[in-house]
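Written below as structure tokens is the structure these notes are about.
The values are calculated or read from the model by the stated rules, or taken from the named source; none is laboratory data. Please read these numbers as outputs of a predicted model, since none were measured by experiment. All Cβ positions, even for glycine, are placed from backbone atoms using ideal geometry, and neighbour counts span all protein chains on display. Just so you know, the surface numbers come from the protein's heavy atoms only, side chains and all, with ligands and any DNA or RNA stripped out. Shrake-Rupley method; radii C 1.70, N 1.55, O 1.52, S 1.80 Å.
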Amino acid sequence: MSFITYQQKDCLTGCIVNALRSKGLSCSEADVLLYGGGFLIRYRTITTKDNTKYLIYGELREACFRFLQALNIPYEYIEYGSPEEASAHYAAAKEQGANVIFAVRADCIDYHPIFHQASESQHCLNILQINAEQNTATVSDGYIPSTPVTKYEGEMPLDRLYEGYQNAAFSTVTIYPFAALPDFRRPDEKTMIREILQQYINPPQQDGIFFGKDAVLQLCNDLFLIRDWEKDAFSAKMFDFNTVYKTWGFIGAKRIFAELCAERPYLTQFEAEANEIAEKWNGLSRLIIKIAICGRASMLEGFCSKVRELIQREETLYTSIIAALSDSI
């Protein structure tokens, strides 16, 4: 089958889904989220001698690999040591009919201005063709995080691609050819969905890591600590936090859950509300930037107030979905 760049909601899951579709497997990012276990949000801090990082994220990256493993699709994830090694792998993989995905530092991407603001965040691309003589690479990008989101399939300078690739440690995902697969969707999907939503509302407990709604509430508590105890670093930490918030699967998981509601006939009545909540979460990124620039206490209080409102709205939605699924099982 020819490669088609479908619009997606996350860069790595989008790359993998588009690659699998090119090999004849009918699947979506919602399938990856559900069957790869990528819905539950996590929050933790990592403290070193010099710094503390505040990380809120969904497990979309891990969900991608769990999804491939569950379907016994052959793949590998490798970080290469040099462009020569990476180029040799790409050539050998393409000879075998494999799909190759590069992670690159986003500010090396030149086909959309949104990436010029991307600092050091990473972005994933399907690499369709490399022409070293003409210094071009043909890439497929199913998720450009603009407003609204868009996609791209076309050329970019090969030297810029390799610059971004090197800055992302030559991280490479390769999906090898596989035999035709039967329908992987399970008859107990409704039970699976009900359980992940219950887990979000009533999260598990683990030392040092907060899950589900507790993750976002703990984050708010810590933001006030940053403001009060790390005033000199507050602005820089808020900018760093915004990069994590936008790119580590938190927003992606919310958007892909809305896609799940759209795809499953028994959830379509909840699609509009799930979509609106996801975009409200995404919109908070603009407020985070304003807080980073201004640093006013009232703005931080306003942010946390909006977070609590969204958590309550999510809990109401998820409770309604759980009740509807329980009635239909």
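List of remarks:
- The slack in the chain from GLN134 to ALA323, taken as 0.36 nm per residue of separation less the alpha-carbon distance, amounts to 62.2 nm.
- Counting only protein heavy atoms and a 1.4 Å probe, the chain has 46 square angstrom of accessible area per residue.
- The distance from the alpha carbon centre of the stretch 186-242 to that of the stretch 54-96 is 27 Å, rounded to a whole number.
- Helical content alone sets the calculated 222 nm signal of the chain at -17000 deg cm²/dmol, taking -39,500 (n - 2.57) per DSSP H segment of four or more residues and averaging over every residue.
- Split the accessible area of the chain by element, probe 1.4 Å, and carbon with sulfur accounts for 50%.
- Span-like helix ranges in the chain, DSSP H, alpha carbon extent 24 angstrom or more, Kyte mean at least -0.5: 212-229, 271-294, 297-328
- Order by protection proxy (mean Cβ within 10 Å, highest first), peptides 25-33, 316-324: 25-33, 316-324
- Counted over the stretch 1-137 with a bin width of 10 Å, the fraction of Cα pairs per bin, in whole percents, is 10, 34, 37, 16, 3, 0.
- A simple spin-label model places the labels of PHE184 and TYR77 1.5 nm from each other, with each point 7 Å out along Cα-to-Cβ.
- Figure legend: label point modelled 7 angstrom from the Cα of TYR111 along Cα→Cβ; residues of the stretch 1-20 with amide N under 11 Å from it are 5.
- Computed over the chain: relative contact order in percent, which uses C-alpha pairs under 8 Å that are six or more apart: 21
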